[in-house]
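Laboratory data are not the source of any read-out in this text; all were calculated from the coordinates shown. The structure presented is a predicted model; accordingly, all values stated were derived computationally and were not measured. Neighbour counts run over all protein chains shown; Cβ positions are idealised from the backbone, glycine included.
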Amino acid sequence: MNNKRKSLKFRIVLLSGAWILMALAGTALVLLAFYRDHIASHYDAHVRMHMEEMVSAAKLTASGELDLAYPPSDPRYRVEHSGWYWQILHQGKVLSSSPSLAGQDIDIGSFVTADHHGGTHVIDAPDGSPIRVQTQQIPAGIPGEHLLLVSSAPMMGVTDDVIDVAQHLTVSFLVLGIGLVVAVYFQIRIALKPISAIHEGISDIHRGTADRLEGEYPRGVQSLVDELNNLLEHNSVLLRRARNQLGDLAHSIKNPLTVINNEARAMENSETGHLVLKQTTDIADSVNHHLSRARAFGTTNVLGSRAKVLPVAEDLAFALQRIYEKRKLEFDLSGLGNCAVRCEVQDLEEMLGNLMDNACKWANRRVVVHCTGAEGRRYLYVEDDGPGIPEDKLEKVLQRGQRLDESKQGHGLGLSIVQELVELYRGSITLASSGHGGLSVKLDLPGG
């Protein structure tokens, strides 16, 4: 799930989906607001129509009685508590009202004043339900006298219509939103195909199965691919040139060393000849070693190699048992199983060889080599039951030429060489105390 959260495709789809949902939700709210106003206006127009009927039908007689020629014709005014009400007032006194009020009055005292000339308000009906009320003052037929006409429609009708439309809009917009998100997903998937192809191509280069990006790409991406291929080709040219120069350097160094070595062999019986022969041999070995390491750095498919650990460890254990035969060391390789790493067999031999040889030098009786793995990585452990190394000196051991005990043979290059090799494969080396009492060296390498 973490990888999905980090992927470009997931982020774009997530952001697009969130924007689509917010846009649809906002649009739905605006549409509902417009529809609510439209429905309310429709109800208000209906109420005004019936009020016009009362305007033409209502007047006061000379005795102050209401003369209503005919009541509003809508049958809903005769259904009790329907929300469709009307009443006629004179000087605050109700002269007549619709049968739907069932003898009750609409309380309009909170918004009607002496100079009121009409308006629309939402108040509670006698039964507690909300209603939209319109009022209008008209001449009463007697000079100086006015009648107040009151007519209403139920808010429940407006609310029910809005809720019904909201339900339909919710379903429709939900389906539309899902459809848009799915469409965005496939659009992004198609749009990012060239990026995925580049990723696969780079993985092939990383594995050593290709040396450049192949295929045709869209115009906007093709320029990037061309630049990457140019960069790869440029690096390849530089590497070939460097390797050729290394070969020339090796040739120029080896020839004088060979001459000196031959002269030293002629004087081998003398102390000076023996010393010169030993030093020139060490120089030649060091030159060969570092030239081979430099050539390894120039190998383009170095991460495409695969090596099984157990056969290499078995060969090394067999050789080391003969070298340290008098000490009768035990090698435990049972924890290796089918462990494999992505590196050259020769480099694995050199890394394990240095570590196992170092473990043999310090072990009392036992050397253990085992492997664990997780998420494409392999962790190789080489442990011994020797005296170990103090924690404050662990970092010093990895420094080139550093040796904690000069009585042991070597040049102090073993662990530093292993560190260089493991870093070549984008791994790491860690030193710690072993559960067997000595030193534990952990190699972190890509799994094969």
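See the values below:
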quantity	calculated
Residue that is farthest from the chain's Cα centre (by Cα) [pool: residues in region 305-358 that are among the polar types (S, T, N, Q) and outside any loop (DSSP other than H, G, I, E, B)]	321
Filtered residue count, region 160-210, keeping only those that are within 30 Å of residue 97 (Cβ to Cβ) and in contact (Cβ under 8 Å) with a residue 24 or more places away in the chain	2
Meets criteria (over 29 Å from residue 22 (Cα atoms) and either of a type in the set (D, E, K, R) or assigned to a helix (DSSP H, G or I) (or both)) for residue 190	no
Strands (runs of 3 or more DSSP E) within region 47-136 that include 2 or more residues under 25 Å from residue 156 (Cβ atoms) and under 60 Å from the mean Cα position of the chain (by Cα)	119-124
